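Take a look at the structure set out below.
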Amino acid sequence: MTPHSSHLVALHPLSLDVHPHLVIAGALVGLLVGLTGMGGGALLTPILVLVFKVPPLAAVSSDLLASLVMKPFGGAVHLAKGTVNTAVLGRLVAGSVPMAFAGSVAIGLLGHGSHARTVQSVITVIIAVALIASVGATLVRLWRERHGVDRRPFAVRPGLTLAIGAVGGLAVGLTSVGAGTLIIAMLLLAYPRMSTRELVGTDIVQAIPLVASATLGHLLFGDVRLTLTASLLIGAIPAVLLGARFSSVAPPRVSRPVMAAVLVGSALALLHAPSASLWAGATAAAALVWALGRRPAPASIPLSIPRPAATRRPS
């Protein structure tokens, strides 16, 4: 590889050369997707653009194709474990698939012009705010649970779920971000009583038809680079299998902090925050969720030493 090989990945659309750094990036993102259902577009697209100097449209198109191949492996693990809520899943897909295709066609027609960049920038900021809001909602929910306030039973909300799918689908089509990250953030707000395992499993499976719809639009109107996709998948497929196996059995006290860290890290990455701020924010979010998610220590019962009964002297 030449010193400027990071620039070459965008120059040969039909090349299948393997780039080791892309393999490593794919493995890291695949592990996060398997663990949390998130991290694909929110983290991988900025990495491709900022680190590997890939043109934004090519990064979005290739990232979507990689996700389309990667996510079924993680989804199969969760389906086998029974950690997918099919009632929520069906309504998400009904809203997301048509909107994802419409968004990908729209951004493909806009191309590289200033209008496309403006639309993507605005949507990216909105997604980042939504991710941080979902972490805030998680902290509030954990505080309410800790103090015995939130005991509502789980119930499917059909109209809201359909709207979540539509909003997430449009965002994915326009930016490649949101198939996992934005939708899981909105699900956290809509379904605070859904278990973490079920949340991750449902999110990964719903992303498969969503990403397929957006990918079709990008294959027709976008800029897919097979070099990017092939290298990413070599690392991503085994990593997503490993992460999904762990997340399907992991207790909430482990999975919740990881999810919070990825949400905040993804939001800061979308806002182009410095690396130090990204790591600090992700660590702080994980620590807060872990602290609130701990079971409160049982109240201590004061030990009292019984006094001997007073005896009356005979008169």
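The values are calculated or read from the model by the stated rules, or taken from the named source; none is laboratory data. Bear in mind that the values here come from a model prediction, so they are computed numbers and not experimental data. Positions of Cβ are backbone-derived with ideal geometry, glycine not excepted, and every protein chain shown enters the neighbour counts.
Rundown of residues vs (1) more than 13 Å from residue 270 (Cα to Cα); (2) more than 16 Å from the chain's Cα centre (by Cα), yes/no style:
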{"site": "43", "(1), (2)": "no, no"}
{"site": "48", "(1), (2)": "no, yes"}
{"site": "54", "(1), (2)": "yes, yes"}
{"site": "65", "(1), (2)": "yes, yes"}
{"site": "68", "(1), (2)": "yes, no"}
{"site": "78", "(1), (2)": "yes, no"}
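Against the definition (out of contact with any Cys (no Cβ under 9 Å at 6 or more places or on another chain) and either surrounded by fewer than 18 Cβ atoms within 10 Å (Cβ to Cβ) or of a type in the set (A, V, I, L, M) (or both)), how does residue 78 come out, yes or no? Break it down stepwise before answering.
Working: out of contact with any Cys (no Cβ under 9 Å at 6 or more places or on another chain): yes; either surrounded by fewer than 18 Cβ atoms within 10 Å (Cβ to Cβ) or of a type in the set (A, V, I, L, M) (or both): no.
No: the conditions fail for residue 78.
Whether any residue in segment 168-177 is in contact with a Leu (Cβ under 9 Å, 6 or more places away or on another chain), of a type outside the set (Phe, Trp, Tyr) and modelled with pLDDT of 85 or more is what I want to check.
Yes; the residues of segment 168-177 include at least one that is in contact with a Leu (Cβ under 9 Å, 6 or more places away or on another chain), of a type outside the set (Phe, Trp, Tyr) and modelled with pLDDT of 85 or more.
Quick one: how many residues across segment 177-234 are touching a Gly at 6+ places or on another chain (Cβ under 7 Å), more than 26 Å from residue 271 (Cβ to Cβ) and of a type in the set (Val, Ile, Thr)?
Adding up the residues that qualify gives 3.
Find the residue count for segment 199-244, including only residues that are among the acidic types (Asp, Glu) and over 20 Å from residue 36 (Cβ atoms).
Residues flagged as among the acidic types (Asp, Glu) and over 20 Å from residue 36 (Cβ atoms) within segment 199-244 amount to 1.
Looking at 240, 264 in this structure, which one is more than 20 Å from residue 287 (Cα to Cα), touching a Gly at 6+ places or on another chain (Cβ under 6 Å) and at pLDDT 85 or above?
Residue meeting the stated conditions: 240.
Quickly run through segment 49-87 and pick out the residues that are part of a loop (DSSP other than H, G, I, E, B) and either of a type outside the set (Gly, Ala, Ser) or modelled with pLDDT under 90 (or both).
Selection gives 51, 52, 53, 54, 55, 83, 84, 85.
Would you confirm whether any residue within segment 291-310 is at pLDDT 80 or above, touching a helix residue (DSSP H, G or I) at 6+ places or on another chain (Cβ under 7 Å), part of a helix (DSSP H, G or I) and on the phi < 0 side of the Ramachandran plot?
yes
In the set 241, 189, which member is without any contact (Cβ under 8 Å) to a residue 60 or more places away in the chain and either under 23 Å from residue 256 (Cα atoms) or in contact with a strand residue (DSSP E or B) (Cβ under 9 Å, 6 or more places away or on another chain) (or both)?
Within the list 241, 189, the selection yields 189.
Residue-wise test of (1) surrounded by fewer than 22 Cβ atoms within 10 Å (Cβ to Cβ); (2) in a helix (DSSP H, G or I); (3) at pLDDT 75 or above; (4) among the hydroxyl-bearing types (Ser, Thr, Tyr).
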residue	(1), (2), (3), (4)
89	yes, yes, yes, no
96	no, yes, yes, yes
104	no, yes, yes, yes
182	no, yes, yes, no
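With the structure loaded, tell me whether residue 192 is over 22 Å from residue 78 (Cβ atoms), at pLDDT below 85 and not in a helix (DSSP H, G or I) or whether it fails that test.
So residue 192 does not fit the description; no.
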